[in-house]
1. Report yes if PHE55 is crowded, with 23+ Cβ neighbours inside 10 Å and either within 14 Å of VAL72 (Cβ to Cβ) or assigned by TED's automatic domain parsing to the domain that holds GLU81 (or both), otherwise no.
2. Can you name the residue in the stretch 171-204 that is touching a Gly at 6+ places or on another chain (Cβ under 6 Å) and surrounded by 13 or more Cβ atoms within 10 Å (Cβ to Cβ) and, of all such residues, is farthest from GLU15 (Cα to Cα)?
3. Can ASP3 be described as over 14 Å from the mean Cα position of the chain (by Cα), under 12 Å from VAL73 (Cβ atoms) and crowded, with 19+ Cβ neighbours inside 10 Å?
4. Among the residues of the stretch 95-102, is there at least one that is under 19 Å from the mean Cα position of the chain (by Cα) and assigned by TED's automatic domain parsing to the domain that holds ALA16?
5. Please enumerate the residues belonging to the stretch 83-107 that are farther than 21 Å from PRO158 by Cβ, of a type in the set (Gly, Ala, Ser) and without any contact (Cβ under 8 Å) to a residue 40 or more places away in the chain.
6. Scanning the stretch 26-40 for residues that are of a type outside the set (Asp, Glu) and out of contact with any helix residue (DSSP H, G or I) (no Cβ under 8 Å at 6 or more places or on another chain), which turns out surrounded by the fewest Cβ atoms within 10 Å (Cβ to Cβ)?
Amino acid sequence: MRDLLFYVADGNMKEAIRGFMGRGGLAQRVGCGTITFDARLDIKVAKGQNDPGVFTRGDELLRPFSGEYRHVVVIVDEEWEGSPGASAIHTRLHAHLRAEGWGATGLALVVRPEADIWLWTDTDHTANALGWANWTQLSAALREGSWLNDDAIKPERPKEAAEWALKTGPEYIKRSSALYRRVTSRVSASRCTDSAVETLLETLRVWFPAEGS
C-alpha cells in the first residue's frame with residue numbers, strides 16, 4: 001500500500017503539488033517523518049471533471065484507489081460556476097472520503113478562491129515565474145495597477161493579477177501549468193501564508209510524525 005495520494009481537480013493543482021512534493025528534502029522542509037512519494041504515480045487529476053465533478057462525484061472518482069493508499073488529499077477550488085461555497089464543498093468532499101474508507105485518513109482541501117493563489121509569495125521566485133526581475137519591481141507595479149493592497153502579499157484576485165503580470169511584465173511568459181511548479185519547487189514552506197497549504201502541512205506532520213515527536 002502506498003503512503004499518500006493527491007487527487008486534484010486540474011493540471012494547475014497537479015503541477016503545484018508536483019513542485020512542492022517532488023523536490024528533495026520533503027521531511028526536513030515539512031517537519032514530518034519519511035513519506036514515500038512519487039509525483040508520477042501519486043498525483044491524479046480528475047480529467048474532464050474539474051472542480052464541479054470532484055464535488056459531485058468524488059466518491060465514485062476515488063473508488064478505484066480504495067485499498068491502494070493509506071492517506072488521500074482531495075483538492076478543489078472554492079470559486080467555480082455554481083459553487084456552493086467553501087464550507088459546503090469541504091463537507092461534501094469529506095463525505096466522499098468517508099464513503100470510500102478515508103474518514104480519518106483523508107483530507108479535503110478547498111483553495112480560496114482558487115489554485116492561482118499558490119503562485120503568489122513575496123519572493124523573487126514568484127516575480128521571476130511571471131516574467132519580472134524581482135518582487136520589489138512586481139509588487140510596486142501591482143500596487144500601482146490596483147491589483148495589490150498596500151498591506152497585502154497576495155492579490156485578492158490572484159488569477160486575474162497573474163494574467164495581468166504575465167502580459168505586462170518585461171519578459172513575456174506564456175501562461176501554463178508549469179508556472180505553478182516553478183514557484184512551488186523553489187519557495188520555502190515557511191513563506192507560504194495560504195490556509196489550505198498550512199492545513200496540508202499540519203496534517204502531514206500528524207499522519208507522518210517526525211522521529212521522536
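The values are calculated or read from the model by the stated rules, or taken from the named source; none is laboratory data. As the structure is a prediction and not an experimental result, all values here were calculated from the model. Ideal geometry is used to build each Cβ from the backbone, glycine not excepted, and the neighbour counts take in all protein chains shown.
1. On the way: crowded, with 23+ Cβ neighbours inside 10 Å: yes; either within 14 Å of VAL72 (Cβ to Cβ) or assigned by TED's automatic domain parsing to the domain that holds GLU81 (or both): yes.
So PHE55 fits the description; yes.
2. Quick first cut of the stretch 171-204, residues touching a Gly at 6+ places or on another chain (Cβ under 6 Å) only: 171, 173, 177, 181, 184-185.
From the residues that got through so far, the ones that are surrounded by 13 or more Cβ atoms within 10 Å (Cβ to Cβ) too are 173, 177, 181, 184-185.
Details: ILE173: 17, SER177: 6, ARG181: 5, THR184: 9, SER185: 9 Å.
Here the residue is ILE173.
3. Working: over 14 Å from the mean Cα position of the chain (by Cα): yes; under 12 Å from VAL73 (Cβ atoms): yes; crowded, with 19+ Cβ neighbours inside 10 Å: no.
Against the criterion (over 14 Å from the mean Cα position of the chain (by Cα), under 12 Å from VAL73 (Cβ atoms) and crowded, with 19+ Cβ neighbours inside 10 Å), ASP3 does not qualify.
4. Narrowing the stretch 95-102 to residues under 19 Å from the mean Cα position of the chain (by Cα): 97.
Next, from what is left, pick out any that are assigned by TED's automatic domain parsing to the domain that holds ALA16: 97.
Yes, the stretch 95-102 has at least one match.
5. Of everything in the stretch 83-107, those that are farther than 21 Å from PRO158 by Cβ, of a type in the set (Gly, Ala, Ser) and without any contact (Cβ under 8 Å) to a residue 40 or more places away in the chain turn out to be ALA88, ALA95, GLY101, GLY103, ALA104, GLY106.
6. From the stretch 26-40, those of a type outside the set (Asp, Glu) are 26-37, 39-40; that's our starting set.
With the extra rule that they be out of contact with any helix residue (DSSP H, G or I) (no Cβ under 8 Å at 6 or more places or on another chain), the set shrinks to 26-28, 36, 40.
On the way: LEU26: 17, ALA27: 15, GLN28: 9, THR36: 10, ARG40: 7.
Across the stretch 26-40, the extreme among qualifying residues is ARG40.
A quick yes/no check of all residues on (1) touching a helix residue (DSSP H, G or I) at 6+ places or on another chain (Cβ under 9 Å); (2) assigned to a loop (DSSP other than H, G, I, E, B):
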{"residue": "LEU148", "(1), (2)": "yes, yes"}
{"residue": "LEU166", "(1), (2)": "yes, no"}
{"residue": "THR199", "(1), (2)": "no, no"}
{"residue": "GLU202", "(1), (2)": "no, no"}
